[in-house]
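Peer 1: Dropping a structure here in structure tokens format, bear with me for questions.
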Amino acid sequence: MEGLLDAPLRDVLTRVGGVDRAVGEFIRVTGTLLPERVFLRVVPELANGGRTPAGTPVRPQLLGSDPACLADNAARLASLSPHGVDLNFGCPAKVVNRHGGGAMLLQWPDQLERIVGAVRRAVPAHRPVSAKMRLGFDDDALAEDCARALQAGGADELVVHARTKAQGYRPPAHWARIAAVREAVRIPVVANGEVWTLAEALRARAESGCDDLMLGRGMVADPGLALALRAHDAGQGGGGIQWADLQPLLPVFWRLVERRVVPRHRAGRLKQWLNLLRRRFAEAEALYQALRPHNDPQLVARLCFGAGLAADDAPPRSLPEALAA
């Protein structure tokens, strides 16, 4: 999710645990062969064996509409040994769609097949090529055709966001509609969209028929959501995390932001995360309201963390280490 689930937040959320794989923010391909530094800037995990510090694999994502150019960039990306290459056919942003990328392509299944086919041929066979789509552009009439086209092009896995481009992010997500898409193809299908709680995760599974889920904003708002789902699957009560578990990771996130974000935007990044966390945690609401008027990073750090934050401290690699710190 561009501008939200970037490398610092991927780092922190995968330290909490429960996540099998992360996907990077999309890398826009618009007619040129990108230098390696672009891939490394968006997905710095490529310099760490393609994994977050907690060990979670990260799959970079490409967005574009030209099969040959996407193939060339996918080949260069593959040379950096990622854990696969993902293709974005789901972004609803107007600026992306206006240039023929993202969900706009769901109007032309043949073009989807050409794009995936070109990328699949450019990427070594042992590296998966996956794709993410929505149910359609204006409506869902072509959902199955699009899924079959992506499969025909050689996609190894398909993530389906259970809304059309026209529906944007407005509730509800139509998980039951994914079931028919899943039946139309032989490759694994992952359900996505509007999963904020354990109860919604279980409903999404039941209605879509998918065993696997991709968690977006719901995981940002409740970093223990994946753990809660794993606990449920294991027949264990409880699961998830409480604010006391999460609180030690806030300074970890801040230190990571300091290393990647210019000072004038640092406070905004922290407030952006707190804005979602307050859906789940009353303590995040209080902290968000306290920080909301302020943008000076030094003041925000002092208000949020007190005098005990050392910017050069090495962040712990996992939630247990954070809690023991």
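The values are calculated or read from the model by the stated rules, or taken from the named source; none is laboratory data. Computed from a predicted model, the values in this text were never measured in an experiment. All Cβ positions, even for glycine, are placed from backbone atoms using ideal geometry, and neighbour counts span all protein chains on display.
Peer 1: Any chance the stretch 68-82 includes a residue that's under 27 Å from Ala166 (Cβ atoms), buried (at least 18 other Cβ atoms within 10 Å of the Cβ), touching a strand residue (DSSP E or B) at 6+ places or on another chain (Cβ under 9 Å) and touching a residue at least 12 places away in the same chain (Cβ under 8 Å)?
Peer 2: Yes, that holds for at least one residue.
Peer 1: To continue, here is another question. Looking at the stretch 246-265, which of its residues are more than 22 Å from the chain's Cα centre (by Cα) and in contact (Cβ under 8 Å) with a residue 40 or more places away in the chain?
Peer 2: Of everything in the stretch 246-265, just one residue is more than 22 Å from the chain's Cα centre (by Cα) and in contact (Cβ under 8 Å) with a residue 40 or more places away in the chain, namely Pro248.
Peer 1: Just to confirm my filter: which helices (runs of 4 or more DSSP H) fall fully inside the stretch 1-106 and include at least 2 residues that are out of contact with any Phe, Trp or Tyr (no Cβ under 6 Å at 6 or more places or on another chain), more than 22 Å from Asp212 (Cβ to Cβ) and not assigned by TED's automatic domain parsing to the domain that holds Ala118?
Peer 2: 7-16
Peer 1: Can you pull out every residue in the stretch 181-205 that is within 13 Å of Leu158 (Cβ to Cβ) and either touching an Asp or Glu at 6+ places or on another chain (Cβ under 7 Å) or not polar (S, T, N, Q) (or both)?
Peer 2: Val181, Arg182, Glu183, Ala184, Val185, Arg186, Ile187, Pro188, Val189, Val190, Ala191
Peer 1: Then there is this: Just to be sure I understand the filter: pairs with C-beta atoms under 8 Å, separated by 6 or more residues or on different chains, first member in the stretch 184-209 and over 23 Å from Gly235 (Cβ atoms), second member of a type in the set (S, T, N, Q). Which pairs pass?
Peer 2: Filtered contacts from the stretch 184-209: Val185/Gln151; Arg186/Gln151; Ile187/Gln151; Val189/Ser208.
Peer 1: Can you find a residue in the stretch 222-243 that is in contact with a Gly (Cβ under 9 Å, 6 or more places away or on another chain), charged (D, E, K, R) and in a loop (DSSP other than H, G, I, E, B)?
Peer 2: Taking every residue of the stretch 222-243 in turn, at least one turns out to be in contact with a Gly (Cβ under 9 Å, 6 or more places away or on another chain), charged (D, E, K, R) and in a loop (DSSP other than H, G, I, E, B).
Peer 1: Just for the stretch 27-55: of the residues that are out of contact with any Pro (no Cβ under 9 Å at 6 or more places or on another chain) and under 21 Å from Val159 (Cα atoms), which one is surrounded by the most Cβ atoms within 10 Å (Cβ to Cβ)?
Peer 2: Val29
Here's the yes/no breakdown for (1) over 23 Å from His83 (Cβ atoms); (2) touching a strand residue (DSSP E or B) at 6+ places or on another chain (Cβ under 8 Å); (3) buried (at least 18 other Cβ atoms within 10 Å of the Cβ):
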residue	(1), (2), (3)
Pro172	yes, no, no
Arg203	yes, no, no
Val220	no, no, yes
Leu225	no, no, yes
Ala234	yes, no, no
Trp243	yes, no, no
Gln247	yes, no, no
Val257	yes, no, yes
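Peer 1: Tally the residues that are under 17 Å from Leu158 (Cβ atoms) and part of a loop (DSSP other than H, G, I, E, B), restricting the search to the stretch 111-127.
Peer 2: 2
Peer 1: So, Val43, is that one among the β-branched types (Val, Ile, Thr), at pLDDT 95 or above and more than 30 Å from Ala244 (Cβ to Cβ) or not?
Peer 2: yes
Peer 1: Right, Val96: on the phi < 0 side of the Ramachandran plot, surrounded by fewer than 23 Cβ atoms within 10 Å (Cβ to Cβ) and in contact with a Gly (Cβ under 9 Å, 6 or more places away or on another chain) or not?
Peer 2: yes
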